[in-house]
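The values are calculated or read from the model by the stated rules, or taken from the named source; none is laboratory data. Because the structure is a prediction, the values reported are computed rather than measured. Methodologically, a virtual Cβ is constructed for each residue, glycine included, from the backbone with ideal geometry; neighbour enumeration extends over all protein chains shown.
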Amino acid sequence: MPSSPNTTLPTFNPSSSINLTKLTHTNFPTWKATILPYLKGQQVFGYIDGTLPKPAKTISASDGSTIPNPVYVFWETQDNLILSCINSSLSEEVLAQVAHCNTSADVWTALISAFASQSRAKAIHVRSQLSTLRKGNQSATDYFMTIKRLTDELAIAGQPLPSDDIVTYLLAGLGPEYDSLVSLVSHRADSLTLEDLYSMLLTFEARIQHNNQILSLPTTSANVATKQQSSGGRGRGHFYPSRGRGRAQYHGTRGGGRSTNTLWCQLCAKLGHTASQCYKRFDPHFQTPPPRPNPQANLTSNHSQQLSHEQEWHPDTGATHHLTSNMNNLNIRTDEFSGNDYVQIGDGTG
């Protein structure tokens, strides 16, 4: 009697709901990363890699006759199902290249051979990208995800990178503002996971942004003018003359005081606010006031009857004319005065 089929052979039960990536001439790593776990999950990858080889078509019966091998029939049925699954995941252009293959192992070998050189070229290109990649103006998240995407492509191409190599590529692309992070990671005695490095990178980025915001705060404003009144050293006095009858006022300050700063608007010439806060800047009929005249120190007045009765003394803090009873004290050309004005001395004589 013929021997019964080997029940140790796995049975392939393809799912109609599975959505496999179509293989093209440009996405072999992605396609391989999709279909390989599916076939292994079905426990039928042994048909493809040769660990479950094709059995003999016939076997010898107990009477010495040759009969069909039931194990071969079962194996061929399963292999055809696997082959159909693989072919359905190929684009029309790629399927035309492997249409001559009769087993799942044959089509898999043909695909690996056709795309192996492409995978090596892809791996070389990805490594070149990693070696020249720089963070630049990217955020820490974007930079890390770029590194992760490239290293994942290497893994799909069959050349996964160790974690230490990924960390090296990531640190090499950071700018000088991350030197302290690079030094910290480089001097660690233990290896650092990518998740921990990503967390540290985010922390450093937040700190750098915080410091940059502080440094970028404006220290001066073009529309702010400061009127400073100082009362240090010997002090300065302010003389306010009076008109007509009345008293002149003299206000002086003594040393040891503090200076005060008052905001002065350059638009309306008033105190207490700046030009950017002045409501006059929105008034279309507003005219800028004329500039303040420079103070004149050499003030003179004609003698009048009213002045003759004035008993108050008015000190001149900016006198440009000087009097002396001895002309020899002056090293200048002198002429005799012939006008009607006179000078009254402190004792009442004139």
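What to note about this one:
- Residue match in segment 192-212 (condition: at pLDDT 55 or above, within 30 Å of PRO162 (Cα to Cα) and assigned to a loop (DSSP other than H, G, I, E, B)): yes
- In segment 13-39, the residue that is farthest from ALA121 (Cα to Cα) out of those that are of a type outside the set (Ser, Thr, Tyr), modelled with pLDDT of 80 or more and outside any helix (DSSP H, G or I) is LEU20.
- Members of segment 173-199 that are surrounded by fewer than 16 Cβ atoms within 10 Å (Cβ to Cβ), in contact with a helix residue (DSSP H, G or I) (Cβ under 8 Å, 6 or more places away or on another chain) and within 16 Å of GLN138 (Cα to Cα): GLU177
- Some residue of segment 112-120 being crowded, with 16+ Cβ neighbours inside 10 Å, closer than 17 Å to TRP31 by Cα and not polar (S, T, N, Q): yes
- On the stretch given as segment 77-98, residues that are surrounded by fewer than 14 Cβ atoms within 10 Å (Cβ to Cβ) and closer than 23 Å to PRO55 by Cα total 2.
- Scanning segment 120-143 for residues that are basic (Lys, Arg) and more than 16 Å from ILE156 (Cα to Cα), we see that the one that is farthest from the chain's Cα centre (by Cα) is ARG134.
- Hits in segment 29-67 - residues which are closer than 24 Å to SER88 by Cβ and among the polar types (S, T, N, Q): THR30, THR34, GLN42, GLN43, THR51
- Residues considered: PHE74, PHE115. Of these, the only one that is at negative phi and more than 47 Å from the chain's Cα centre (by Cα) is PHE74.
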